[in-house]
Amino acid sequence: MGPFDESVLNLRVLPNDVDVTRVTTDRYTALAELGRIDWMLRVGLFRTMLKRRWAPVSRINTIRFRYPLRLFQKYQLRSRVVYWDDTWAYFEHHFQRKGRTIALSYGQGVFRGPQGLVPTGEALTLACSTLFLDKVPFATLATNKNYNYHKKGFVILLPYSSTKRS
């Protein structure tokens, strides 16, 4: 799996995920972290992280809820990197059930090593077999119609929504 690919986890709501009938808000944050760890494992960053004694750190995580997940329901968690800069990687996590978005989460993550924060480009270069640039090039993302693009060629973090706001 490459760094632009999507990690997909098939999950089920368990009793420890709910308060009484639906998934608690703090549990979504923990599940988003699970999605980031799965992405790191599949890309090959986890082994590099352990060798170099790096720790993944989350700085910001924002979630937009649309529908509740109830006890024992099946759902998918789709995680991917949408952008990175010199320091931070920005993740998108889709919680989906039967093709419908239940919640959408965006998070900011970085690796912290013994000498401080690890540049994102360095982490991806060490982990992946191909050399990657420090920032996502516009040509790579130009086929993604769900996002607006900055005129310099980098992704704006807010997703494009075709729904009208009231």
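Just so it is clear, none of the values below were taken in a lab; they were calculated from the coordinates. Everything numeric here is computed off the predicted structure, so don't read it as measured data. Here the Cβ positions follow ideal geometry from the backbone for every residue, glycine too, while neighbour counts run over all protein chains shown.
So here's what we get for this one:
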quantity	calculated
For region 1-140: Kirkwood Rh in Å [reciprocal of mean 1/r, alpha carbons]	15.7 Å
Note, ³J(HN,Hα) from phi for region 65-79, Karplus 6.51, -1.76, 1.60, rounded to Hz, x at Gly and Pro	8, 10, 9, x, 9, 10, 3, 6, 6, 8, 7, 10, 10, 10, 10
Environment charge of Leu71, counting only residues whose C-beta is closer than 15 Å and scoring Lys/Arg +1, Asp/Glu -1	+4
Whole-Hz couplings from phi, Karplus 6.51/-1.76/1.60, listed for region 18-28; x for Gly and Pro	10, 7, 10, 10, 10, 5, 6, 5, 5, 5, 4
For Leu69, residues with placed amide H under 5 Å, excluding near neighbours	Val23
Phe111, Phe46, Phe4 arranged by Cβ crowding within 10 Å, fewest neighbours leading	Phe4, Phe46, Phe111
For Val20, net neighbour charge (Lys/Arg +1, Asp/Glu -1) across residues whose Cβ lies under 15 Å away	0
